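The values are calculated or read from the model by the stated rules, or taken from the named source; none is laboratory data. The shown structure was predicted, so the numbers you read here are calculated from the model rather than taken from an experiment. All Cβ positions, even for glycine, are placed from backbone atoms using ideal geometry, and neighbour counts span all protein chains on display. Each accessible area value is taken on the protein alone, full model and side chains, heavy atoms only, with ligands, DNA and RNA left out. Shrake-Rupley method; radii C 1.70, N 1.55, O 1.52, S 1.80 Å.
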Amino acid sequence: MTDKFISIEGIARRYPGAGGGETTIFEDLWLSMKRGEFGCVIGHSGCGKTTVLNILAGLDQPSEGAVIVDGQAIEGTSLDRAVIFQSHALLPWRTVLGNVAYAVTSKWRNWDRAKVKAHAQKFIDLVGLTGSEHKRPSELSGGMKQRVGIARALSITPKIMLMDEPFSALDALTRGTLQDEVRRICLETGQTAFMITHDVDEAIYLADKIFLMTNGPGAVLAEIVENPLPKDRGRIDLHRHPLYYALRNHIVDFLVSRSKTFAATVTDYDPRNVPVVRPGKPELVVAAEAEDSIEASWPSVARPSTSA
Amino acid sequence: MTSSLRFRAAVVSIVLFAAFLGIWHLATRSTGAVGNMSPEYAKLMGLTATQGKSAMPGPLDVGAKLWEHLRQPFYDNGPNDKGLGIQLGYSIARVGLGYLLAVIVAIPLGFLIGMSPLISKALDPFIQVLKPISPLAWMPLALYTIKDSSVSAIFVIFICSVWPMLLNTAFGVAAVRKEWINVARTLEVGTVRRAFTVILPAAAPTILTGMRISIGIAWLVIVAAEMLVGGTGIGYFVWNEWNNLSITNVIIAILMIGIVGMLLDQILARFTRMVTFPE
Ligand SMILES: Nc1ncnc2c1ncn2[C@@H]1O[C@H](COP(=O)(O)OP(=O)(O)O)[C@@H](O)[C@H]1O
Ligand SMILES: [Mg+2]
């Protein structure tokens, strides 16, 4: 119980359908993460990833179910859960410093100007934007804007960082650098992070757990892939790791074929008991791993030992 | 490149203006058509007609008169003979007051309409009916209820400038990007602070555009309103000078109305630029 820092418990999201009925984007979705973990959701467009993230953020409400964070059901948005938006969502009439300071003053309302500025500056420096404090968003490149978005999110020292495809609009080079920054910051601060991505390599590099979602409507969390690569992995030599291809192929296979056929082929699917896989690792390791950590997180549930 | 374009445009403007003055001068210099006039009309037109001079003043007459006005804009020789500056001052003061009242009403109400779909829908029929009413149509009702002609003119200015501001504010507020609102929401920013720190700056360019349209309409309407209520103001001045058959003064007043209107517009344009942000 204690290591379920985030627990999504049986949430559903429905929209009024075209013909008067309801369209279910997903239902009975269960998902949990430990403190300090980095989770990535991968799935095709329209399967409901953004909806899940918005519900986690409190920007959207589930039609059913609840989200528990740190032992408390969430109600609406919170300064504990910072969001990094795909479109960076900087306030264009404020400078870089102004944007970060806006978040800082929102969290600490009685801080004086100097304190706010010093705190904001610390996070601007952290994301490598020293010297651009007084620029407006329109004067920044896409990568720099997203850095401001990251600084703004980090500046309120949130319990969880939520990222909706934060780097998808960036060129490969900038994306790589920002991935490094995010990984460094998350490792250094033990930040819990939940991220949506389309990029398999991004997920492999950043995530401890990768959540695979099937296609919508009626999307389900098909499986949880535990990243078997070592914690000290580097982005550049990621693909040299012996387990890299097994992992990558597993995820790509899912995206290419199993995400479509999942509902038809898997009959004994239990949404509360989603299979956890560690591609490339022998069965025994999965079982051993399941013994000490996964089973512990859901003590009452017998977990099938699944592999690819 | 742009500076040379600007220079060339200025040259063309000056040439056009000179041509206009030239044609005006030639057209009003003199005519031989004295005999063609009916006797009553000739009598009515007095010397100008009998001497074969055009009744229409030429640019030189207007220039001389204008110089006279500019030398002493604020003289006051009783109700029917006040300086141009005083008359313009009255008009600007009325426009300013009516406009200010409109700002005070339209912007908060526009915020409410923009933020609440319920209020927006509820008020929509009223706005739809009230908006197309010519502001001057309110004049008799205003005179009857308010009883003071000057205040009635201010009311008419209020009524005509309130709509563009109200609609633009409501539209600007409703169209604030969802993601900016979401930023405020994730930062747990309260409604009031959100209105001032996100919605107001985001909607400000649209609001200011509405305010700019309003000031233009207000300045159009004040002339007509003052012609109706009389007493003071540039509109009254025009009407009075028409009754005095001083076409020269009418032309000068027209020129002044144009210049003041342009200045008011420029002031609002400057404010609009100040709040506009590049994206
Ligand atoms: N306001 C809405 N009304 C109806 N359907 C919606 C609305 N918002 C999203 N959807 C639908 O929900 C599904 C999931 O959307 P989203 O969470 O944005 O997907 P993803 O982020 O995985 O691409 C999509 O099929 C989309 O059409
Ligand atoms: Mg999405």
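Descriptive notes on the structure:
- Criterion (in a helix (DSSP H, G or I) and away from chain A (no Cβ under 14 Å)) met by exactly one of B:Val192, B:Val162, B:Val183, B:Val198: B:Val162
- Cβ-Cβ distances below 7 Å connect the following pairs, each with a first residue in segment A:239-260 that is over 25 Å from A:Ser45 (Cα atoms), a second residue that is among the hydrophobic types (A, V, I, L, M, F, W, C) and not in a helix (DSSP H, G or I), and a separation of six or more residues or different chains: A:His241/A:Leu229; A:Leu243/A:Leu229.
- Some residue of segment A:107-126 being in contact (Cβ under 8 Å) with a residue 12 or more places away in the chain, at the interface with chain B (Cβ under 9 Å from one of its Cβ atoms), open to solvent by 10 Å² or more (accessible area, probe 1.4 Å) and out of contact with any strand residue (DSSP E or B) (no Cβ under 8 Å at 6 or more places or on another chain): yes
- Filtered residues of segment A:37-50 (kept if buried (at least 21 other Cβ atoms within 10 Å of the Cβ) and near ligand 1 (Cβ under 7 Å from one of its atoms)): A:Gly43, A:Cys47, A:Gly48, A:Lys49
- The residue that is farthest from ligand 1 (Cβ to nearest atom), among those in segment A:159-173 that are part of a loop (DSSP other than H, G, I, E, B) and open to solvent by less than 10 Å² (accessible area, probe 1.4 Å), is A:Phe167.
Yes/no per residue for (1) within 9 Å of ligand 1 (Cβ to nearest atom); (2) more than 14 Å from chain B (Cβ to nearest Cβ); (3) among the aliphatic types (A, V, I, L, M); (4) within 20 Å of A:Ser259 (Cα to Cα):
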{"position": "A:Asp3", "(1), (2), (3), (4)": "no, yes, no, no"}
{"position": "A:Gly10", "(1), (2), (3), (4)": "no, yes, no, no"}
{"position": "A:Ile55", "(1), (2), (3), (4)": "no, no, yes, no"}
{"position": "A:Val67", "(1), (2), (3), (4)": "no, yes, yes, no"}
{"position": "A:Asp70", "(1), (2), (3), (4)": "no, yes, no, no"}
{"position": "A:Ile74", "(1), (2), (3), (4)": "no, no, yes, no"}
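- Flag if A:Ala82 is under 26 Å from A:Val225 (Cα atoms), part of a strand (DSSP E or B) and within 14 Å of chain B (Cβ to nearest Cβ): yes
- Total residues in segment A:201-213 satisfying the condition of being farther than 12 Å from A:Val41 by Cβ and either assigned to a loop (DSSP other than H, G, I, E, B) or open to solvent by 10 Å² or more (accessible area, probe 1.4 Å) (or both): the figure is 3.
- Single match in A:Asp3, A:Asp28 (criterion: in a loop (DSSP other than H, G, I, E, B) and either of a type in the set (S, T, N, Q) or away from ligand 2 (no atom under 16 Å from the Cβ) (or both)): A:Asp3
- The lone criterion from (1) open to solvent by less than 10 Å² (accessible area, probe 1.4 Å); (2) assigned to a helix (DSSP H, G or I); (3) of a type in the set (A, V, I, L, M, F, W, C) left unmet by A:Phe194 is number (2).
- For segment A:12-36, filtering for residues that are more than 15 Å from ligand 1 (Cβ to nearest atom) and either closer than 16 Å to A:Ala193 by Cβ or modelled with pLDDT under 90 (or both) leaves 5.
- Number of the condition not met by B:Phe74 [criteria: (1) exposed (fewer than 15 other Cβ atoms within 10 Å of the Cβ); (2) in the same structural domain as B:Ile217 (by TED's automatic domain parsing)]: (2)
- Those residues of segment A:127-150 which are within 14 Å of chain B (Cβ to nearest Cβ), crowded, with 19+ Cβ neighbours inside 10 Å and free of Cβ contacts under 8 Å to residues at least 40 places away in the same chain, in sequence order: none
- The lone exception for B:Pro278 - which of (1) crowded, with 20+ Cβ neighbours inside 10 Å; (2) within 14 Å of chain A (Cβ to nearest Cβ) it fails: (1)
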